[in-house]
Amino acid sequence: MTRRPTARCGMAAVELCLGATVLLAAFFGTWEIGYTVIQYDRLLTNVAQAAHYAALIPYDSATDTPSSTFLTSVKNMVLYGAPTAGTTPVVSGLTAANVSLTVTFSSGIPSTIQVSITGYTINALFGVYTLNGKPQVTFPYQGVWAPA
């Protein structure tokens, strides 16, 4: 006995295609958001560690422009998680040019240290997200002020 074609033939394939499209869109959307949040969190963690580090080490400049050794060690904290240069940045594509350090003076002495990321792009699967001024962390300066 042979079956006659009915209106329902091939519906399973159509339903599979529609269902798979919705599931794949949900999966890739979730991956996009998750990847971006993980990259941002890595940046935020390192920026916070660098700002905390900068707030505790001796500040060796009499102006709001830090010395090159101070600036380099803080930037290395953001890039590599240590005051000395490493080989691979914590987040791919991050450079020292993306790290911004601002020192605020009050009554002639350093009062706050602010570290932020500028001009860094997160290349996700479907989009590019540029970070300007974010993440940004500010700590009150608690170190020793020893101008050169």
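The values are calculated or read from the model by the stated rules, or taken from the named source; none is laboratory data. Only a predicted model underlies this, so the values are computations on that prediction, with no experimental measurement involved. Backbone-built Cβ (ideal geometry, glycine too); neighbour counts: all protein chains shown.
Right, Thr87: of a type in the set (Val, Ile, Thr), within 13 Å of Trp145 (Cα to Cα), within 23 Å of the chain's Cα centre (by Cα) and not in a helix (DSSP H, G or I) or not?
On the way: of a type in the set (Val, Ile, Thr): yes; within 13 Å of Trp145 (Cα to Cα): no; within 23 Å of the chain's Cα centre (by Cα): yes; not in a helix (DSSP H, G or I): yes.
Against the criterion (of a type in the set (Val, Ile, Thr), within 13 Å of Trp145 (Cα to Cα), within 23 Å of the chain's Cα centre (by Cα) and not in a helix (DSSP H, G or I)), Thr87 does not qualify.
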Among the numbered criteria (1) surrounded by 17 or more Cβ atoms within 10 Å (Cβ to Cβ); (2) within 25 Å of Tyr40 (Cβ to Cβ), which one does Tyr141 miss? (2)
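Restricting the search to the stretch 55-75, which residues are over 12 Å from Leu101 (Cα atoms) and assigned to a helix (DSSP H, G or I)?
Taking the stretch 55-75 first, the residues over 12 Å from Leu101 (Cα atoms) are 56-63, 69.
Leu56, Thr69, listed by residue number.
Based on what the data block shows, is Thr65 over 30 Å from Ala26 (Cβ atoms) and surrounded by fewer than 15 Cβ atoms within 10 Å (Cβ to Cβ)?
So Thr65 fits the description; yes.
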So if I check each of Thr30, Thr36, Thr69, which one is within 30 Å of Asn123 (Cβ to Cβ), without any contact (Cβ under 8 Å) to a residue 12 or more places away in the chain and not charged (D, E, K, R)? Thr30
Consider only pairs whose beta carbons are under 8 Å apart and that are at least six residues apart or on different chains; among these, list those whose first residue lies in the stretch 93-109 and is free of Cβ contacts under 8 Å to residues at least 24 places away in the same chain and aliphatic (A, V, I, L, M) and whose second residue is surrounded by 11 or more Cβ atoms within 10 Å (Cβ to Cβ) and assigned to a strand (DSSP E or B). Ala97/Gly119
Among residues belonging to the stretch 93-131 that are among the aromatic types (Phe, Trp, Tyr) and in a strand (DSSP E or B), point out the one that is surrounded by the fewest Cβ atoms within 10 Å (Cβ to Cβ). Tyr129
In the stretch 24-41, what residues are hydroxyl-bearing (Ser, Thr, Tyr) and surrounded by 13 or more Cβ atoms within 10 Å (Cβ to Cβ)? Tyr35, Thr36, Tyr40
Looking for whichever is more than 13 Å from the chain's Cα centre (by Cα), exposed (fewer than 13 other Cβ atoms within 10 Å of the Cβ), modelled with pLDDT under 90 and of a type in the set (Val, Ile, Thr) here; the options are Thr6, Thr21. Which one fits? Thr6
